[in-house]
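This report refers to the structure that appears directly beneath it.
The values are calculated or read from the model by the stated rules, or taken from the named source; none is laboratory data. Please read all numbers here as calculations on a predicted model, not as lab measurements. With ideal geometry, Cβ positions are generated from the backbone for all residues, glycine too; neighbour counts draw on all protein chains shown. Side chains included, ligands, DNA and RNA excluded: accessible areas come from the protein's heavy atoms. Shrake-Rupley method; radii C 1.70, N 1.55, O 1.52, S 1.80 Å.
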Amino acid sequence: MAMNKRSKRKLLVVMVLLGISLATVLALTAFEENLMYFYSPTEVNDGTAPTGRAIRVGGLVVEGTVERDSDSLLVKFDLTDGAENISIEYSGILPDLFREGQGIVAMGKLNDKKVFVADEVLAKHDENYMPPEVADALEAAEKK
Amino acid sequence: MFKRIWGWIQRFSSPKHFYSISGKMIPWFAISAIFLGVYGLYMGLFVAPTDYQQGESYRIIFIHVPAAWMSMFIYVVMAVSAGIGLIWQIKLADMIAAASAPIGAWFTFIALVTGSLWGKPMWGAYWVWDARLTSELILLFLYFGYMALQSSIEDQRTADKASGLLAIVGVVNIPIIHYSVQWWNTLHQGATVSKLDKPSMHVDMLIPLLVMAIAAKLFYAAIVLVRARNQVLYRERNRQWVRELVEKL
């Protein structure tokens, strides 16, 4: 079938787009693990997360587990993803958003006592924006 | 019927016709962009309520989010125009693409810088290599690549072809930026507004944000027309009508 120049160019553009998309999907799937910014506590406990090198773990700070050392910057807390927990130790300045129930990402290594020793803690904030009154009202409604 | 539409497109997209029509549109876009921009900034910075978690520092959202949306929107406009220029060889489309690139690059830069300034107090870091931040940085490099190809190739038609192909190839990055926060674990939080669900933002914050987003679009419309008109004059500089126009000045 004879094709005019315009349809040829159209076909070329479509083929390029399809080819690039396919290559991208394959590359992203292959590098899936490297594209994850952090591992969850479940992945740390079941061994999916690599041990021996520094990794990041992310999750929520478990309410009531934050213990601050009285004469150093040492902080201990538990991190959860809803299913599993891990204990974290960190010595340093915490971001302002760090609090119980908050999402955080910690970078560090597991020691032999299965405690994750972090040398960096970043706070993750959620996608919700509202005035404090509304947040309080929502919390009150939830408690009922 | 098809022929008639085709003829109409060709007439409308003639650089000369575009030059005269766009000249009349620019003031309208510019004035409404300024009006909405001032109103949106005032509402966002002074009237919108404080956030329950982030306090006052969340207000950078009124710059950061419109800039980030524009960085992707302009890229799509650029890639589609480049595609139209490549397939149907409409010169005006190539000019729109070339005119869009620096504006898109600036919006990307603003999104990255404001995000970084926001990241330090909230996350505790100016920069992290998570999927969202990295893919947005790649977007900036795609704009740079397009601009570099445009300016380094002497012959305009070859330059349009090469840079246009790059723009089309780079379009795969747009869904990656948008869905990065969903597909992978990222430090950057998920979508607040641009999702199928109801926006997770109080209406008094949402309205200024949307006003700013519209202002940014109108600003882009005004600037891209100004820049495209320059492209028209430069690329058609040897045409009779441009010479006459210049002589009149």
message: Looking at segment A:70-83 only, could you name the residues that are out of contact with any Lys or Arg (no Cβ under 7 Å at 6 or more places or on another chain) and surrounded by 12 or more Cβ atoms within 10 Å (Cβ to Cβ)?
response: A:74, A:76, A:77, A:78, A:79, A:80, A:81
query: Within segment A:34-65, how many residues are under 15 Å from residue A:112 (Cα atoms), open to solvent by 50 Å² or more (accessible area, probe 1.4 Å) and either within 12 Å of another protein chain (Cβ to nearest Cβ) or β-branched (Val, Ile, Thr) (or both)?
result: 1
message: For segment B:120-132, give me the residue count where each residue is part of a helix (DSSP H, G or I) and buried (at least 21 other Cβ atoms within 10 Å of the Cβ).
response: 3
message: Based on this model, can you work out whether residue B:96 counts as under 13 Å from residue B:224 (Cα atoms) and surrounded by fewer than 18 Cβ atoms within 10 Å (Cβ to Cβ)?
response: no
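The rows are residues; the columns are (1) under 25 Å from residue A:51 (Cβ atoms); (2) surrounded by 15 or more Cβ atoms within 10 Å (Cβ to Cβ).
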{"residue": "A:68", "(1), (2)": "no, no"}
{"residue": "A:90", "(1), (2)": "yes, yes"}
{"residue": "A:108", "(1), (2)": "yes, yes"}
{"residue": "A:118", "(1), (2)": "yes, yes"}
{"residue": "A:135", "(1), (2)": "no, yes"}
message: Among the residues in segment A:74-84, are any within 15 Å of residue A:109 (Cβ to Cβ) and either modelled with pLDDT of 90 or more or out of contact with any helix residue (DSSP H, G or I) (no Cβ under 8 Å at 6 or more places or on another chain) (or both)?
response: yes
task: For residues that are under 12 Å from the mean Cα position of the chain (by Cα) and within 17 Å of residue B:11 (Cα to Cα), tally how many sit in segment B:81-105.
output: 1
- prompt: Can you spot a residue in segment B:158-168 that is more than 29 Å from residue B:49 (Cα to Cα), more than 7 Å from chain A (Cβ to nearest Cβ) and touching an Asp or Glu at 6+ places or on another chain (Cβ under 6 Å)?
  reply: yes
